[in-house]
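As structure tokens, the structure follows; a few thoughts come after it.
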Amino acid sequence: QPNRGTKRPRDEEEEEIKARRKQASAREHSRHREEESVALEETDDEKKKLLQIIERDGEEEEEEEEPLDESSVKKMILTFEKRSYKNQELRIKFPDNPEKFMESELDLNDIIQEMHVIATMPDLYHLLVELNAVQSLLGLLGHDNTDILQLLKQLSSHVSIAVVDLLQELTDIDTLHESEEGAEVLIDALVEGQVVALLVQNLERLGEGVEEEAVFLSVFSAIVENMAEFRPEMCTEAAQQGLMQWLLKRLKAKMPFDANKLYCSEVLAILLQNNDDNRELLGELDGIDVLLQQLSVFKRHNPSTAEEQEMMENLFDSLCSCLMLSSNRDRFLKGEGLQLMNLMLREKKISRSSALKVLDHAMIGPEGTDNCHKFVDILGLRTIFPLFMKSPKKIKKVGTTEKEHEEHVCSILASLLRNLRGQQRTRLLNKFTENDSEKVDRLMELYFKYLDAMQAADKKIDGEKHDMVRRGEIIDDDMEDEFYLRRLDAGLFVLQLICYIMAEICNANVPQIRQRVHQILNMRGSSIKIVRHILKEYAENIGDGKNQEFRESEQKRILDLLENF
């Protein structure tokens, strides 16, 4: 048998195979690492090259970017005019083919965005007017490019909204005050170009409930607010250019609450602030009815969000503002506004405190006489006296203070005592005698509450005056006015109203009331002299400055009450 040689053990063979596999694996791993290293080096090189390009481009841009001066603004306006003209030309040439003018539309939008930088230099606003840019911008507000929006949904805003956006920044109130001269020129040009009428046309074109309407309205309300703050008289022109009519139409649209209704209520409140022309216009456009209809929703339901509550408050403020005009008091009466407010007081919803404020505005002064009589006819005394006897607990939740509540209630009672005659006046006075004169007791409780607050405020003011005199400082009329305002804040006006009610009921030939007032004053160690002094000060400051004859007759009436007190 042939010799086959020595046989290697099986274990040695397996170990050799493993060793070879390891070597092959190591070589493969090494090759992969080399490839990865080369790839990484290439990626790093690419990154470095990209960064160099970006840096170089940034440097070029910085070199190209000119400082903002007169010539650069002129250049920008010229570019804007060229792009605007080109866009207009293409639109006329291809009216049915938006793709042809799409690029020019985007270029125009870009230059309008660039023009925002002019808002940082109000001194150069005159260039916008001199180079006719304001007129061109206003012309673009009539720019009908909803076709572009349909075609390019990725566009976040179109030219009209871009223009409005720019106008908002240019009319920013802080910017306007930086250069009064530049601001005057710009506002003149915008008013002359009927900016508000054009903006209203845009809103009409957009239609209700469209997504763009909210964007447009929010910016529009800011523009109106800015311009109104800088030049309050432009509110009249704005309202007459169709804004008032559009706002009322939008508010009464049968749609669920949205942000647009909030914006509308804000703009309306701005237009009516200290403006009798606009208050009259709203009345003529049946605006009192619109406001009452919108507020009637909150008779039995609270606003569901903070935004809706803000809108409700804006509408109440607008209504109060309108009631400053006597012709609107009649419209409010005929529109059954008193009945609505009375129901709100009974329902105890959030709207209650605002309804109280509206009633105060509706009944105050001689113009409120008809409303006062109607209020008693609809059994309003049953509603108002429980509010007089006790301030509601939940009042803090709606941002109304106890002082504001008591001021409105006392003001309503003072108006009723001033304006009611005959049977209605008797019904009112009887309220002060029922339940062992509890209403008189409450009146005296409020009198001492506010008298204490006033005495504390007066003591502090007297101390400040003494310190000023000691330092040799002069107390001028402005300082005296400031001190008087501080006294009003401390509750002087409420105290004056309480003293007026006290004088009225004591002069009503009802011995029971007079005896109770004197009895409580004596018990608390107080004096009629203090009440007389407060009422004399009230008489001296009465009147709204519009009617001298009314002021004199009212002063005489109060002083006559004091004689018999």
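The values are calculated or read from the model by the stated rules, or taken from the named source; none is laboratory data. On a predicted model such as this, the values are computed, not experimentally measured, just so you know. So basically every Cβ, Gly included, is an ideal-geometry build from the backbone, and we count neighbours across all protein chains shown. When the accessible area is computed, the model is the full protein with side chains, heavy atoms only, and any ligands, DNA or RNA have been set aside. Shrake-Rupley method; radii C 1.70, N 1.55, O 1.52, S 1.80 Å.
Computed values, structure above
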read-out	value
Too-long pairs where the Cα-Cα distance tops 26 Å, listed order kept, from 439/529; 393/431; 334/536	334/536
Spin-label model distance (nm) - residue 180 vs residue 280, 7 Å beyond Cα toward Cβ	3.0 nm
In Hz, Karplus ³J(HN,Hα) per residue of the stretch 324-333 (6.51, -1.76, 1.60; θ = phi - 60°; x = Gly, Pro)	5, 9, 4, 5, 6, 5, 5, 5, 5, 5
The stretch 438-564 shape via C-alpha gyration tensor axes, a/c threshold 1.5	oblate
Rounded FRET efficiency, nearest 0.05, which uses the C-beta distance separating residue 99 from residue 542 and R0 of 45 Å	0.05
Percent accessible area from carbon and sulfur atoms, the stretch 358-426, protein chains only, probe 1.4 Å	51 percent
Sulfur and carbon atoms: percent of accessible area, the stretch 482-565 [1.4 Å]	48 percent
Prolate/oblate/rounded call for the stretch 510-565, Cα gyration tensor, a/c under 1.5 rounded	prolate
Å² of accessible area per residue within the stretch 75-119, as computed with a 1.4 Å probe and no ligands counted	60 Å²
Solvent-accessible surface (1.4 angstrom probe) belonging to residue 177, in square angstrom, nearest 10	100 Å²
Inter-label distance for residue 255 and residue 75, nm, one decimal - labels placed 7 Å from Cα along Cα-to-Cβ	4.4 nm
Solvent-accessible surface ranking, highest first, for 296, 104 at 1.4 angstrom	296, 104
Sparse-neighbour loop sites [trypsin sites (Lys or Arg not before Pro); the stretch 250-318; at most 13 other C-beta within 10 Å; DSSP]	254, 300
Residue 531 - accessible surface, heavy atoms, 1.4 Å probe, Å² rounded to 10	0 Å²
Rough spin-label spacing in nm, given labels placed 7 Å along Cα→Cβ, for residue 478 and residue 82	5.2 nm
Accessible surface, per residue, of the stretch 438-564 when the full set of protein chains is kept, probe 1.4 Å, Å²	58 Å²
Exposure rank, largest accessible area first [301, 126; 1.4 Å]	301, 126
Value of Rg to Rh for the stretch 392-497 (Rh from inverse mean 1/r over Cα pairs, i.e. Kirkwood)	1.12
Accessible area (Å², 1.4 Å probe, nearest 10) - residue 401	70 Å²
Candidate residues 346, 532: accessible-area rank, largest first, probe 1.4 Å	346, 532
